[in-house]
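One structure is given here, and the rest of the page talks about it.
Only the coordinates and a few stated rules stand behind these numbers; no lab work does. Predicted model, so just to flag it, every value in this text is computed and none were measured. We place every Cβ from the backbone using ideal geometry, glycine too, and count neighbours over all the protein chains shown.
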There are 2 protein chains.
Amino acid sequence: MSEMQKKEARQRILDAATSLFSKKGYAGVGVREIAKTADVNISMISYYFQGKVGILKEIIDAFHDAYHRVIMDGIDEHKPPEECMRSVIRNLVHFIRTHTELAMAAIHALPLDIPEIAERKAERVSEAFEGINGLVARLGLDPHDVVQMSIVGQALISIIATHFRLRSIQEHVFDIEFDDAFYERYTETISALFIDGITGMAAENQN
Amino acid sequence: MSEMQKKEARQRILDAATSLFSKKGYAGVGVREIAKTADVNISMISYYFQGKVGILKEIIDAFHDAYHRVIMDGIDEHKPPEECMRSVIRNLVHFIRTHTELAMAAIHALPLDIPEIAERKAERVSEAFEGINGLVARLGLDPHDVVQMSIVGQALISIIATHFRLRSIQEHVFDIEFDDAFYERYTETISALFIDGITGMAAENQN
DNA sequence: GCTTTAATCAAACGTTCGTTCAAATATAAT
DNA sequence: ATTATATTTGAACGAACGTTTGATTAAAGC
């Protein structure tokens, strides 16, 4: 029971901060608002996380642990790279859709002006790229061409993440309902864009 | 002279805020820091912009005015759509490269939890999409397919904008120098990705 | 020269910020 | 039951927040 409540208070802080950071950004949220949302005393934040920035570090790590796993789950050396790419994109869309707040907090809400945060983010991003780069190479891109490699890996996550960040705005611009059917087509479309785009690029590289 | 200095103080505030917002986000910057950077008294911010949020509105408008112009400049009904797409991407990359702080402030630093800001952003985004959508339709996508249309337009800007936001991190992950040569290849690569990707999607739509 | 308007200034308003600390309560181990 | 450890509390710290005010200086119109 004590072990339960301990975890519960800690977890409530984490959940509240994730939700608030995703909506208002790290700097836009105060510790009092986090504490109030989590229904804990303000001091508990420093007690469990050694300060506001400590919460963010855990959020970044939690996201990238899952993010890395999601990418790796889609990659199978015994399957054709096109199928792997579809799996990765499908997994990625599903993951960010079901963990939107975590993803937004760990991607868009980050204060990159804090060196501590920028460094940690860089480490985790490079880790994620390792998985993607191998897959992109199997699709025909030259793995030593850092320009192409850096673009494709970054484009993959930025498109999907930005879609969720601007979803409320897109809802206003177009007249779309973001239901299961939408994301089925969304996954297909992004997959087609990347697979056709990459194989097209690879073909041009031959010339 | 008085007319000069008047504009200069106003412009210095705008420039300082743009630079600071782009680095730390809107909520991460205080009016005192803006005033100090611009070398003006704090009161001048309310005097010229009716408060901190007034600066951001001007930044959003300034960016989207230029952004819209840049897109339209690349579109020419008498040229093939592939060539237009290349021009738009080239213009876009060049524009954001030469106005990185303005773009970051108007895209990534936005506090979308402020309804006032979210609405204004939505209006200007929908305006920009109008131009792109016509071009994408000429490349073969069904203009009534809102899913594909919404994805391609959003993907275009999010890839490029996110590249500049995460440039310092990518510099750490890969070992790239972001010089003229890089952006020449960058423009080619993004163009190839989109043109091949879109035409590939269009071909599949026929089935 | 005098009046009107625009621009700049220092100072203060009341809030909120992140963090700390000692005291109090609850749980675990002995 | 008592000690030790973990959790929670309320209060306070100085600093920074965005905004407003009234006075002061500069410029323009007449």
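Say each of B:ASP180 and A:LYS23 gets a label point 7 Å from the Cα, pointing the same way as Cα to Cβ; how far apart are those two points in nm?
4.9 nm
Can you pull the Kirkwood radius for segment B:1-150, inverse mean 1/r over Cα pairs, to one decimal in Å?
Taking the inverse mean of 1/r over all distinct Cα pairs, segment B:1-150 comes out at 17.0 Å.
When the Karplus curve 6.51 cos²θ - 1.76 cosθ + 1.60 is applied with θ = phi - 60°, which whole-Hz ³J(HN,Hα) does each residue of segment B:15-31 get, with x for Gly and Pro?
Working through the residues one at a time gives 5, 4, 5, 4, 5, 5, 4, 5, 8, 10, x, 4, 6, x, 10, x, 5 Hz.
Rounding to the nearest 20 debye, state how big the charge dipole of segment B:58-206 is about its Cα centre with +1 on each Lys and Arg Cβ and -1 on each Asp and Glu Cβ.
Around 60 debye, computed over segment B:58-206.
Normalised by the number of residues in chain A, what is the relative contact order in percent for Cα pairs under 8 Å and 6+ residues apart?
Reported relative contact order: 22 percent.
Between B:GLU123 and A:MET72, what is the spin-label point distance in nm, taking each point 7 Å from the Cα along the Cα→C-beta axis?
4.9 nm
Gap in Å between the Cα centre of segment A:71-136 and the Cα centre of segment B:32-92?
So the separation of the two Cα centres works out to 30 Å.
Between B:ARG138 and A:ASP142, what is the label-point separation in nm under the 7 Å Cα-to-beta-carbon projection?
In this crude label model, A:ASP142 to B:ARG138 measures out at 3.2 nm.
Which entries in A:LYS52/B:LYS52; B:LYS36/B:LYS57; A:LYS79/B:LYS23; A:LYS52/B:LYS57 show an alpha-carbon gap greater than 32 Å?
Flagged as over cut-off: A:LYS79/B:LYS23.
At 222 nm, what value in deg cm²/dmol follows for the protein assembly as shown if DSSP H runs of at least 4 each add -39500 (n - 2.57) and the sum is divided by all its residues, to the nearest 500?
The helix contribution divided over the protein assembly as shown gives -26500 deg cm²/dmol.
Efficiency by 1/(1 + (r/R0)^6): what FRET value for A:ASN41 and A:ASP65, r their Cβ-Cβ distance, R0 = 35 Å, to the nearest 0.05?
0.75
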